[in-house]
Amino acid sequence: MAAAKSLASCIFCKIIKGEIPSYKLIETHHSYSFLDVGPLSKGHALIIPKYHGEKLADIPDEYLADTLPIAKKIAIAQKVTDYNILQNNGRLAHQEVDHVHFHVIPKPNQAEGLGVEWPAQKPEKEELQKTFEEIKGRL
């Protein structure tokens with residue numbers, strides 16, 4: 001099991017340590033969750049691993065194991081039927097804090113919550129097959 005890792009300058013590591021106050025929802029040995037102070041909608045919450053890593057690939061699996069069960073519990077507690085579970089990696093993917101985190105964002109109506117554009121592409125079958133083989137070969 002990987003030992004917890006933190007970064008002194010990281011805002012999320014400071015929240016985990018209690019150096020910055022938060023509206024804590026659920027805390028486990030590997031995760032910490034709290035309300036977002038700049039929410040997209042009422043109840044917008046964050047789940048962060050207690051291991052500092054900038055991207056998903058940087059986080060040991062045991063620190064990720066309970067993130068989705070926590071997201072599920074928070075979504076159920078919000079009593080909404082529509083919501084987003086979001087995790088971004090890197091600036092181009094809209095990551096603002098360089099510590100892996102997951103959002104649970106209620107979508108109570110069209111105006112509130114996450115707005116998403118989905119510019120779907122239409123690759124040729126051969127291109128899709130090539131992409132499949134490349135990725136599958138690396139797994």
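The values are calculated or read from the model by the stated rules, or taken from the named source; none is laboratory data. What you see is a predicted model; the values in this text were computed from it and never measured. Cβ: placed from backbone, ideal geometry, glycine included. Neighbour counts: every protein chain shown. These accessible areas exclude ligands, DNA and RNA; they are computed on the full protein's heavy atoms, side chains included. Shrake-Rupley method; radii C 1.70, N 1.55, O 1.52, S 1.80 Å.
Expressed as a rounded percentage, what relative contact order does the chain have, with Cα pairs under 8 Å and six or more residues apart?
22 percent
At most 13 other Cβ atoms within 10 Å and a DSSP loop assignment: could you name the GluC sites (Glu not before Pro) in the stretch 1-95 that fit?
19
Convert each backbone phi in the stretch 82-97 into a coupling constant with the Karplus relation 6.51 cos²θ - 1.76 cosθ + 1.60 (shift: θ = phi - 60°), then list the ³J(HN,Hα) values in order as whole Hz, x for Gly and Pro.
Per residue, the Karplus-derived 3J(HN,Hα) values read 10, 6, 10, 10, 10, 9, 10, 10, x, 4, 5, 9, 6, 7, 9, 10 Hz.
On a 0 to 90 degree scale, rounded to 10, what angle separates helix 67-78 from the longest Cα axis of the chain?
The two axes meet at around 70 degrees.
For 58, 66, give me the order by solvent-accessible area with a 1.4 Å probe, most accessible first, ignoring ligands, DNA and RNA.
Largest accessible area first, the residues go 58, 66.
Could you pull out the pairs from 72/122; 55/107; 42/79; 14/72; 5/55 whose alpha carbons sit more than 23 Å apart here?
Exceeds cut-off: 72/122; 55/107; 14/72.
Which ³J(HN,Hα) values, rounded to whole Hz and listed in residue order, are derived for the stretch 42-49 from phi using the Karplus coefficients 6.51, -1.76 and 1.60 in 6.51 cos²θ - 1.76 cosθ + 1.60 with θ = phi - 60°, glycine and proline given as x?
For the stretch 42-49, the Karplus curve yields 4, x, 3, 10, 10, 10, 10, x Hz.
Okay, helix-only estimate at 222 nm for the chain: each DSSP H run of n ≥ 4 adds -39500 (n - 2.57), divide by all residues, round to 500 deg cm²/dmol; what do you get?
Helices in the chain give a 222 nm mean residue ellipticity of -7500 deg cm²/dmol.
Please give the charge dipole size of the chain, origin at the Cα centre, charges +1 on K and R Cβ atoms and -1 on D and E Cβ atoms. Round to the nearest 20 debye.
360 debye
Starting from the stretch 6-115, pick out the chymotrypsin sites (Phe, Trp or Tyr not before Pro) whose DSSP state is loop and whose Cβ has at most 16 other Cβ atoms within 10 Å.
Taking the stretch 6-115 and a limit of 16 other Cβ atoms within 10 Å, the loop chymotrypsin sites (Phe, Trp or Tyr not before Pro) found are 23.
Convert each backbone phi in the stretch 22-31 into a coupling constant with the Karplus relation 6.51 cos²θ - 1.76 cosθ + 1.60 (shift: θ = phi - 60°), then list the ³J(HN,Hα) values in order as whole Hz, x for Gly and Pro.
The phi angles translate into 8, 9, 5, 9, 9, 10, 10, 4, 10, 9 Hz.
Mean separation of Cα pairs under 8 Å and 6+ residues apart, divided by the residue count of the stretch 76-118: what relative contact order is that in percent?
RCO, the stretch 76-118: 41 percent.
So what's the gap between the Cα centers of the stretch 99-139 and the stretch 1-21, to the nearest angstrom?
29 Å
When we measure straight from the Cα of residue 125, which lysines land under 17 angstrom away, once same-chain ones fewer than 8 places off are left out?
Counting by Cα, and skipping residues close in sequence, residue 125 has these lysines nearby: 136.
What trypsin sites (Lys or Arg not before Pro) in the stretch 34-68 are in a loop by DSSP, with at most 12 other Cβ atoms within 10 Å of the Cβ?
Answer in residue order: 42.
Given (1) 17.1, 53; (2) 13.5, 41; (3) 14.6, 45 as candidate values of Rg and Dmax of the Cα atoms in Å, which corresponds to the one derived from the coordinates?
The value computed from this structure is option (1).
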